[in-house]
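The values are calculated or read from the model by the stated rules, or taken from the named source; none is laboratory data. These numbers were taken from a predicted model, which means no experiment stands behind them. So basically every Cβ, Gly included, is an ideal-geometry build from the backbone, and we count neighbours across all protein chains shown.
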Amino acid sequence: MKFFKRDWVIDKLSDVIIVIFSITIAFQLNSWKERSQQNKKTENILSQLKSDIQSDGDRIQQLIKGHEKKVKVMENYLQLLNDKKMTGQQFFEMHQVMNSTSSLTLKKTNYNVVLSTGDLYLIHDKDLMKDIIEYYNSEKESEFYEKNEIERLNEFNTMLFDEYLLGSNELPQKVIKTIGFKNVMLVFNYNLQLKIGEYKQLLNRNKKLLEKM
């Protein structure tokens with residue numbers, strides 16, 4: 001009878017051990033599967049963001065080149081204005097250059113989605129996650145100069161309309177004599193240079209971020 005009880009206890013203990021072992025294995029497999037799915041999801045997030053950031057880099061480089069060319073053109077027009085050699089046609093061309101504004105908009109659709117869903121925080125490298133957030137927030141810094149550019153342009157156009165100069169075949173002498181026009185042009189050009197500097201900083205941040213991803 002004692003042997004029977006002992007065998008029965010051993011059998012029950014064996015059953016319990018098997019159940020515990022099975023549960024442990026199942027839990028570990030499930031955890032491994034969840035980690036695998038999470039890692040795959042994180043890889044997809046980083047892949048999408050990297051593609052967007054690469055596109056941003058191409059766009060920023062185009063803007064830098066375009067703005068640098070614009071600065072040189074504006075400097076030439078300012079020199080003509082200083083020398084009082086600007087013609088009506090050149091004034092019209094300068095006005096077109098000033099109105100050909102372009103701004104930067106980062107590709108943020110994927111970023112906004114993963115930020116709103118909280119999936120951004122699946123990125124294990126917290127320093128990388130922080131750099132990504134700072135990169136997208138840095139767009140606000142360039143918006144300041146873009147806003148200034150539009151304000152100076154609106155000021156310039158308002159002065160033209162107020163003085164009935166827009167569309168004139170010949171450059172009126174009052175444009176040359178009016179210090180306000182020249183000041184607006186100088187501020188406009190200076191703001192362009194600040195804007196280029198901001199774009200270059202953003203491009204540098206863009207390249208460093210891509211190296212980490």
Tell me, please, whether a residue that is of a type in the set (Val, Ile, Thr), farther than 30 Å from Lys182 by Cα, exposed (fewer than 12 other Cβ atoms within 10 Å of the Cβ) and at pLDDT below 90 can be found in the stretch 24-46.
yes
Quick one: in the stretch 77-96, which of the residues that are loosely packed, with under 13 Cβ neighbours inside 10 Å and of a type outside the set (Lys, Arg) is nearest to Tyr135 (Cα to Cα)?
Gln96
Inter-residue pairs, beta-carbon under 9 Å, first within 14 Å of Asp119 (Cβ to Cβ) and in the stretch 17-42, second at pLDDT 70 or above and outside any helix (DSSP H, G or I), 6+ apart:
Asn39/His124; Thr42/Ile123; Thr42/His124
Since Ser102 meets every condition but one in (1) modelled with pLDDT of 85 or more; (2) outside any helix (DSSP H, G or I), which condition does it not meet?
(1)
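Just for the stretch 168-213: of the residues that are assigned to a helix (DSSP H, G or I) and of a type in the set (Ser, Thr, Tyr), which one is modelled with the highest pLDDT? Talk me through it step by step, then tell me what you get.
The first filter runs over the stretch 168-213 and keeps only residues assigned to a helix (DSSP H, G or I), leaving 173-177, 179-212.
Subsequent filtering for residues that are of a type in the set (Ser, Thr, Tyr) retains 190, 199.
Working: Tyr190: 86, Tyr199: 91.
Among those that are assigned to a helix (DSSP H, G or I) and of a type in the set (Ser, Thr, Tyr), it is Tyr199.
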Among the residues of the stretch 126-143, is there at least one that is β-branched (Val, Ile, Thr), outside any helix (DSSP H, G or I) and at pLDDT 65 or above?
no
For Lys107, all conditions in the list (1) surrounded by 15 or more Cβ atoms within 10 Å (Cβ to Cβ); (2) in contact with an Asp or Glu (Cβ under 9 Å, 6 or more places away or on another chain); (3) part of a helix (DSSP H, G or I) hold save one; what is the number of the exception?
(3)
